[in-house]
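What follows is a single structure, written as structure tokens, with notes after it.
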Amino acid sequence: MKYGSNLGYALEIINLTLNSGEKIGIVGRTGAGKSSLVKVLFRLTHENTSGSILIDGQDISKFGVGYYRPQLGMIPQESSMFSGSIRRNLDPLNQFNVEEISGQQQLFGLCRVIVRKRKIVVLDEATANVDLETDKSIQELIRKEFSNCTVLTIAHRLETIMNSDRIIVMDKGAIAEIGTPQELLAKNGMFAQLVKTSDFGQ
Ligand SMILES: Nc1ncnc2c1ncn2[C@@H]1O[C@H](COP(=O)(O)OP(=O)(O)OP(=O)(O)O)[C@@H](O)[C@H]1O
């Protein structure tokens, strides 16, 4: 996939099979292709794209977008959506966290609504400004209550995806590594390096 015919490939050859109900974490450095992978899945980009994506054995390009898109959900974690963060910014003493809690509840509510109706859900925490505990709670909520949904989490913080069924490590528009967190740690490759160089576990 390219963003323009005169540009280089943002995504190279990708061969990927996801199992129904799988919880997948996607990691990789800036520009590795994480968002592009999601854009292709959502059919947000048509031009300069070759290959096919099959869901339940059906090529998604054969579906109308109106039929197809509602089966997918995106949970953005933009802080501006939640009153808690705004309230906290306004409060110089930072003493009250009542609205912060309600901000969290809004987020959980949003997850419930979106995830319940969808086959595939993407959680984008690349721009996340929620705290680690909220992140973890969302992952737990999704894992427990929505076991039938396939969930792709673009992870900014590695902690939140360490319980994923599988992790995809993107690099230069390709899948550099894929496997369970344990497999990738044992491999001692790119994922293990990301874990070592993050604050994770310290
Ligand atoms: N709209 C665009 N137009 C042109 N090039 C783009 C566009 N969006 C992304 N790219 C390029 O495509 C490549 C993959 O970018 P992508 O945004 O998918 O990476 P990412 O892993 O999601 O990065 P980040 O963690 O910064 O969000 C990069 O080289 C990037 O510069």
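The values are calculated or read from the model by the stated rules, or taken from the named source; none is laboratory data. Everything numeric in this text was worked out from a predicted model, so none of it was measured. Quick reminder, even Gly has a Cβ in these numbers, built from the backbone with ideal geometry, and neighbours come from all protein chains shown.
For Ile14, work out the one condition from (1) assigned to a loop (DSSP other than H, G, I, E, B); (2) more than 13 Å from the ligand (Cβ to nearest atom) it doesn't fulfil. Single failed check for Ile14: (2). Within the stretch 28-42, take every residue that is more than 6 Å from the ligand (Cβ to nearest atom) and out of contact with any helix residue (DSSP H, G or I) (no Cβ under 9 Å at 6 or more places or on another chain) and give me the one that is modelled with the highest pLDDT. Only one residue fits best here, namely Leu37. Looking at the stretch 36-74 only, could you name the residues that are over 16 Å from Ile120 (Cβ atoms) and not hydroxyl-bearing (Ser, Thr, Tyr)? Selection gives His46, Glu47, Asn48, Gly51, Lys62, Gly64, Gly66. Given the condition closer than 28 Å to Met1 by Cβ, over 13 Å from the mean Cα position of the chain (by Cα) and in contact (Cβ under 8 Å) with a residue 40 or more places away in the chain, answer yes or no: does some residue in the stretch 150-163 qualify? The answer is no; no qualifying residue exists. Do we have Gly25 as assigned to a strand (DSSP E or B), in contact (Cβ under 8 Å) with a residue 12 or more places away in the chain, in contact with a Lys or Arg (Cβ under 8 Å, 6 or more places away or on another chain) and more than 16 Å from the ligand (Cβ to nearest atom) here? So Gly25 does not fit the description; no. Scanning the stretch 44-57 for residues that are at pLDDT below 80 and of a type outside the set (D, E, K, R) turns up Leu44, Thr45, His46, Asn48, Thr49, Ile55.
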